[in-house]
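First the structure, in the form of structure tokens, and then the observations on it.
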Amino acid sequence: MENTSLAGDPLNRHEAQFYIEMFLGSLILFLSVLGNSLVVYVVNKDPSLKSTTNLLIQNLSMTDIAMATTNMPFWLISLYHGRWIFPQFVCDLDSFTMFAFGSASILTMAVIALNRYFKVVKANKYKRLFGSRKVVWVYCAATWLVGMMFATPPLYGWGLYEYHIQFSTCSLIWDLNRISFVIVFIGVFVNSVTITIFVCYYKIYKTVKITSHNLASHGGTAEAAARVTEIKVMKSTFAVVCCYLICWMPVSFVCVTETAGGVMPREVYAVVIFLMYISSCINPLIYGIMNPQFRRAFLAVARMSNFTAATAASANESGNSNTSRVHIAPQQAKKEAFTVEGTEVVV
């Protein structure tokens, strides 16, 4: 079959390329909403996950859900048409929310890094700074407010939001005449937050290495078990940071190259923007692989779904017969519905 370009497509894509992009984009949106909603669900349903650290992880998932439900639909529509079909004020709003949610994400990762730092390195200050759930909720709210604050200047002329035809999305434009905002945002905000994150994890790594050696020398089974848990949490949260940077840094590289006059094929832009949006759906996968508590909670939800489906199927098969033939005691239903680490949760 001849691979011909789509008639009238502003991006000059082949038919196969068009369908692949639409399929992958829709899949990313679906997985982002599903995976992050699952994280929010288990954090609220499973008592073993109701820690302040997991509240922050929940906040990170909420920024990803916001990105998926607010920005990705406009991106998919633009991919479909090959151009922006909405008014400019919608483009400004789309760019603003993308900027705000992206900033809130990296700020949340910084707060998680600080949370782990004070838990492991400065344990005497941990309860004062992170011991209260109310305080952590304030931190979460602050990440959103600061993110929106940094996203506001282009709406008033410092910086520029426009539709980027190669990215198929509205975003901050790296124009030389308006580069000052980009320099301030990347140089001051992003770099300082990223450095803070890596310094925290480096100090955590050094402390864990020293204390693990001491525990191995002097025994202490309970302390060793607690330390193993801390290490697993640290690894999963640090992996999230690394994946986030890996997914977002190519966008900056392409924008810098473009600003300097470089020319790249449209396929490069497509891969880069897909990577950026993939960052919203990989975090639940990381938690499921690297964090045993989340893995057990995810499996419990899967078992609950299978149990519910089986019960519904049995009820349908019974038809108009006596409903007592498909009856489950409330206590039994609770146990089957959601059991994690011996704790029964009513759902």
Amide H proximity to HIS164 below 5 Å, modelled H, separation 5+ or other chain, gives THR169, CYS170, SER171
Roughly how large, in nm² to one decimal, is the mean projection of the convex hull of the alpha-carbon atoms in region 79-191?
-> 9.0
Of the listed pairs LYS119/LYS232; LYS50/LYS122; LYS206/LYS235; LYS134/LYS206, those with alpha carbons more than 19 Å apart are LYS50/LYS122; LYS134/LYS206
Pop a pseudo-label 7 angstrom from the Cα along the beta-carbon direction at both VAL184 and LYS134 and give the gap in nm to one decimal.
-> 3.6
Label points 7 Å out from Cα along the Cβ direction at ALA142 and ASP92: separation in nm?
-> 3.0
Could you please state, rounded to a whole Å, how far the C-alpha centre of region 115-158 is from the C-alpha centre of region 77-101?
-> 28
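Once the piece of chain linking SER48 and LEU27 is laid out straight, how much longer is it, given 0.36 nm per residue of separation minus the C-alpha distance between them? Can you show the working numbers first?
Details: separation 21, 0.36 × 21 = 7.56 nm, distance 3.07 nm.
4.5 nm is the gain from fully extending SER48 to LEU27.
Could you order peptides 159-169, 193-203, 6-16, 238-248 by the average number of other Cβ atoms within 10 Å of their residues, highest first?
Working: 159-169: 20.0, 193-203: 16.3, 6-16: 13.2, 238-248: 17.8.
In decreasing order of mean packing, 159-169, 193-203, 6-16, 238-248 become 159-169, 238-248, 193-203, 6-16.
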For region 29-124, the Cα-Cα pair-distance distribution in 10 Å bins from 0, as whole percents, is 15, 36, 28, 14, 6, 1
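No lab work stands behind these numbers, since they all come straight from the coordinates. Note that the structure is predicted; figures quoted are calculated from it, not measured. With ideal geometry, Cβ positions are generated from the backbone for all residues, glycine too; neighbour counts draw on all protein chains shown.
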